Amino acid sequence: MKWNWSKIHGTSPPPTWNLVLAPLSMIYGLGAKIHMGAIGRKKKKILPGFVASVGNLTTGGTGKTPAVLMLARWAAARGHRVAVLSRGYGGRYQNGVLVVSDPGKGLLADPRESGDEPFLLASRLKGIPVIVSKDRFRAGMLAHEKFGTDFFLLDDGFQHLNLHRDLDMVLLDAEHPFGNGHLLPRGPLREPVGHLERADAFILTRSDRVKDLSPIENFFNSRFPRIPLFKGRHVPEAIHFPREGRTCGLDFLKGKRIAAFAGIARPETFLDTLSGLGAIPVSFSVFADHHPFNPGEIRHLLRLKKESGAQYLVTTEKDWVRIKDIVSGIPDLAFLRIAFDLSPTQDFFHMMEEAVEKSARAETSS
């Protein structure tokens with residue numbers, strides 16, 4: 001049986017699931033409290049350089065990958081030797097350290113090994129190593145020794161408490177920052193909302209999808225007054241036809257009949273984006289987040305495209321990463337590339353620069 005976790009974790013979950021999952025959430029909460037308390041008493045490991053974390057309070061759906069891409073490029077453009085350290089969620093590689101990309105050798109792993117998000121990051125970040133390991137300290141030390149890394153970017157690092165970080169950024173979906181407000185598995189929260197006091201900055205993603213942000217801004221400003229709050233948007237960048245090596249502008253889809261599909265945490269946002277670009281979705285297929293596609297499913301999607309009279313089959317870039325090795329000769333298959341935009345931009349990067357300078361002064365004086 002496939003459970004619809006998005007619905008269960010929504011703001012109005014089905015009552016039956018509340019009764020079933022509430023006791024499990026209590027057990028999870030107790031276990032998380034004991035675990036975090038034990039880690040909190042340990043001395044944190046320190047990497048030789050600046051450490052920034054981009055993380056979540058909830059399970060998926062906040063759009064971290066475009067944010068990590070933006071930050072890695074920002075740091076590299078300022079002369080830092082950057083590496084992205086990822087847990088590699090969904091990948092087969094479970095032990096040791098996996099170098100997904102080497103600046104001198106290119107890609108060294110496939111998405112089945114590394115997970116789709118690290119592979120996507122490695123594909124997009126030319127010259128920046130991406131390394132997967134459950135032990136981020138070990139991954140960071142390898143990056144420092146092999147690539148001279150002095151700027152470590154933790155992908156999904158908010159719960160990785162045994163590693164010191166100089167800047168802890170938490171992304172929250174502006175529409176549903178806490179889902180139904182309950183801990184896993186009853187809700188999407190990995191830890192209680194009060195634990196956000198550990199953060200150094202909040203970023204409300206998809207802020208453009210909320211007409212009035214003042215209630216949520218007031219909540220954060222009153223509950224966590226010392227922590228700056230920024231607004232993020234996921235902005236469509238281009239349409240790519242990978243098998244043809246062709247890139248089209250955003251107006252390409254206007255008036256086009258498309259069959260779309262997505263295996264991400266918030267598939268409805270993808271559909272809304274396509275419609276906003278003027279596309280005419282005649283078929284939309286939804287799969288679970290990180291879904292491992294098989295050839296039969298791709299054939300089914302192609303049949304839907306043909307039967308619905310669609311001109312193109314369109315998906316997300318993250319989904320393309322998972323299907324690229326099982327599709328061939330499909331010229332009408334495209335993916336939408338997304339960029340990340342922040343505001344107030346100047347204040348955000350001023351915060352970044354101050355944190356880097358503070359870390360450098362502390363390292364010099366120690």
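The values are calculated or read from the model by the stated rules, or taken from the named source; none is laboratory data. Worth saying up front: this structure is predicted, and the values here are computed from it rather than measured. A quick note on method: Cβ atoms are made from the backbone with ideal geometry, for glycine too, and the neighbour counts reach across all protein chains shown. Areas reflect the complete protein model, heavy atoms only, side chains present, ligands, DNA and RNA absent. Shrake-Rupley method; radii C 1.70, N 1.55, O 1.52, S 1.80 Å.
When you scan region 83-94, do you find a residue that is in contact with an Asp or Glu (Cβ under 8 Å, 6 or more places away or on another chain), of a type in the set (Phe, Trp, Tyr) and at pLDDT below 95, even just one? Taking every residue of region 83-94 in turn, at least one turns out to be in contact with an Asp or Glu (Cβ under 8 Å, 6 or more places away or on another chain), of a type in the set (Phe, Trp, Tyr) and at pLDDT below 95. Checked against (1) part of a loop (DSSP other than H, G, I, E, B); (2) under 27 Å from Ile326 (Cα atoms); (3) open to solvent by 30 Å² or more (accessible area, probe 1.4 Å), Ser123 passes all but condition (1).
Does Thr247 satisfy the criteria of being open to solvent by 20 Å² or more (accessible area, probe 1.4 Å) and out of contact with any Gly (no Cβ under 8 Å at 6 or more places or on another chain)? Taking the combined requirement at face value, the residue satisfies it.
Taking the criterion of being open to solvent by 60 Å² or more (accessible area, probe 1.4 Å) and at negative phi, the residues of region 84-98 that qualify are Arg87, Tyr89, Arg92, Tyr93, Gln94, Asn95. Checking region 62-75 against the condition returns no match, with no residue being open to solvent by 60 Å² or more (accessible area, probe 1.4 Å), in a loop (DSSP other than H, G, I, E, B) and not hydrophobic (A, V, I, L, M, F, W, C). Residues of region 164-183 that are within 29 Å of Val100 (Cβ to Cβ) and either touching an Asp or Glu at 6+ places or on another chain (Cβ under 9 Å) or hydroxyl-bearing (Ser, Thr, Tyr) (or both): Arg165, Asp166, Leu167, Asp168, Met169, Val170. Once region 137-183 is narrowed to residues that are of a type in the set (D, E, K, R) and closer than 17 Å to Lys45 by Cβ, the residue that is surrounded by the fewest Cβ atoms within 10 Å (Cβ to Cβ) is Glu145.
Residues in region 346-366 that are closer than 22 Å to Thr205 by Cα and either open to solvent by 70 Å² or more (accessible area, probe 1.4 Å) or in contact with a helix residue (DSSP H, G or I) (Cβ under 6 Å, 6 or more places away or on another chain) (or both): Gln346, Asp347, His350, Glu353.
Tally the residues that are over 15 Å from Arg112 (Cβ atoms) and either among the hydrophobic types (A, V, I, L, M, F, W, C) or open to solvent by less than 40 Å² (accessible area, probe 1.4 Å) (or both), restricting the search to region 279-296. Result for region 279-296: 10. Set side by side, the residues Met36, Met26 differ, and just one is in a helix (DSSP H, G or I), open to solvent by less than 40 Å² (accessible area, probe 1.4 Å) and more than 26 Å from His290 (Cα to Cα), which is Met36.
If you go through region 137-144 one residue at a time, do you hit one that is within 19 Å of Arg266 (Cβ to Cβ) and modelled with pLDDT of 95 or more? Checking region 137-144: not a single residue is within 19 Å of Arg266 (Cβ to Cβ) and modelled with pLDDT of 95 or more. Contact map, region 286-315: first residue basic (Lys, Arg), second residue open to solvent by less than 40 Å² (accessible area, probe 1.4 Å), Cβ cut-off under 6 Å, separation 6 or more or different chains; pairs are Lys305/Ala259; Lys305/Leu313.
Just for region 250-259: of the residues that are open to solvent by less than 70 Å² (accessible area, probe 1.4 Å) and within 16 Å of Ile338 (Cα to Cα), which one is nearest to the chain's Cα centre (by Cα)? Spell out how you get there, then give the answer.
Going through region 250-259, the residues open to solvent by less than 70 Å² (accessible area, probe 1.4 Å) turn out to be 250, 252-253, 255-256, 258-259.
From what's left, within 16 Å of Ile338 (Cα to Cα): 250, 252-253.
Working: Leu250: 23, Phe252: 27, Leu253: 25 Å.
Looking at the filtered set, the residue picked out is Leu250.
Filtered by the rule that a residue be crowded, with 19+ Cβ neighbours inside 10 Å and either touching a Leu at 6+ places or on another chain (Cβ under 8 Å) or more than 23 Å from Thr205 (Cα to Cα) (or both), region 321-345 gives Val321, Arg322, Ile323, Leu333, Ala334, Leu336, Phe340.
Being under 30 Å from Asp208 (Cβ atoms) and under 15 Å from the mean Cα position of the chain (by Cα) is true for just one of Leu167, Leu171. Which residue is that? Steps first, please.
Values: Leu167 fails: under 15 Å from the mean Cα position of the chain (by Cα).
Residue meeting the stated conditions: Leu171.
Give region 187-240 a look and list any residue that's open to solvent by less than 20 Å² (accessible area, probe 1.4 Å), part of a strand (DSSP E or B) and closer than 29 Å to Leu271 by Cα, or say none. Scanning region 187-240 gives Leu189, Phe202, Ile203, Leu204, Thr205, Phe230, Gly232, Ala238, Ile239.
Just one of the numbered conditions (1) in contact with a strand residue (DSSP E or B) (Cβ under 6 Å, 6 or more places away or on another chain); (2) modelled with pLDDT under 95 is not true of Phe220: (2). Among the residues of region 260-273, what is the count of those that are more than 19 Å from Ala288 (Cβ to Cβ) and in contact with a helix residue (DSSP H, G or I) (Cβ under 8 Å, 6 or more places away or on another chain)? Total satisfying the criteria: 1.
Could you go through region 319-340 and let me know if any residue there is outside any loop (DSSP other than H, G, I, E, B), touching a strand residue (DSSP E or B) at 6+ places or on another chain (Cβ under 9 Å) and over 25 Å from Lys256 (Cβ atoms). Yes, region 319-340 contains at least one residue that is outside any loop (DSSP other than H, G, I, E, B), touching a strand residue (DSSP E or B) at 6+ places or on another chain (Cβ under 9 Å) and over 25 Å from Lys256 (Cβ atoms).
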